[in-house]
1. Would you confirm whether any residue within segment 53-75 is assigned to a strand (DSSP E or B), free of Cβ contacts under 8 Å to residues at least 12 places away in the same chain, out of contact with any helix residue (DSSP H, G or I) (no Cβ under 7 Å at 6 or more places or on another chain) and farther than 26 Å from residue 137 by Cα?
2. Can you pull out every residue in segment 85-138 that is outside any strand (DSSP E or B), at pLDDT below 95 and touching a strand residue (DSSP E or B) at 6+ places or on another chain (Cβ under 7 Å)?
3. Could you check, for segment 38-46, whether at least one of its residues is surrounded by 14 or more Cβ atoms within 10 Å (Cβ to Cβ), touching a residue at least 60 places away in the same chain (Cβ under 8 Å), within 19 Å of the chain's Cα centre (by Cα) and under 21 Å from residue 105 (Cβ atoms)?
4. Please go through segment 33-51 and give me each residue that is over 17 Å from residue 69 (Cβ atoms) and assigned to a loop (DSSP other than H, G, I, E, B), ordered by number.
């Protein structure tokens, strides 16, 4: 059955990190270290709820890093409740954290079944992140 995508919406809000647990898993004598980071965060604004994420990060010098991750968000988007998964990628340069993300297709549950979208985040390290998500339902 071919469904027509619904109207697109623009969500904004913030993320506050509750738990940040880095664990190095490969530290060679030469070259960048690899680190697994477990994060629990609270979403507020147009997206409300809690996210649980695992990030894989590689350092690039003293104050630079690249990371990828997946995060399950439990809560609501635009007043519709359920869960969904975000796939993230980003960088840390100095104290600036920036990244993009997208909703993993087919990951929505409950009233968020069929959720699709993409957006991003930015923050100063250790501060509340500003987030966006342009989303729609299939």
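1. Quick first cut of segment 53-75, residues assigned to a strand (DSSP E or B) only: 53-59, 64-75.
Cutting the leftovers down to free of Cβ contacts under 8 Å to residues at least 12 places away in the same chain gives us none.
Checked segment 53-75: no residue is assigned to a strand (DSSP E or B), free of Cβ contacts under 8 Å to residues at least 12 places away in the same chain, out of contact with any helix residue (DSSP H, G or I) (no Cβ under 7 Å at 6 or more places or on another chain) and farther than 26 Å from residue 137 by Cα.
2. The answer is 95, 125, 128, 138.
3. yes
4. Result: 46, single match.
The values are calculated or read from the model by the stated rules, or taken from the named source; none is laboratory data. Every value quoted in this text rests on a predicted model; they were computed, and no experiment measured them. Backbone-built Cβ (ideal geometry, glycine too); neighbour counts: all protein chains shown.
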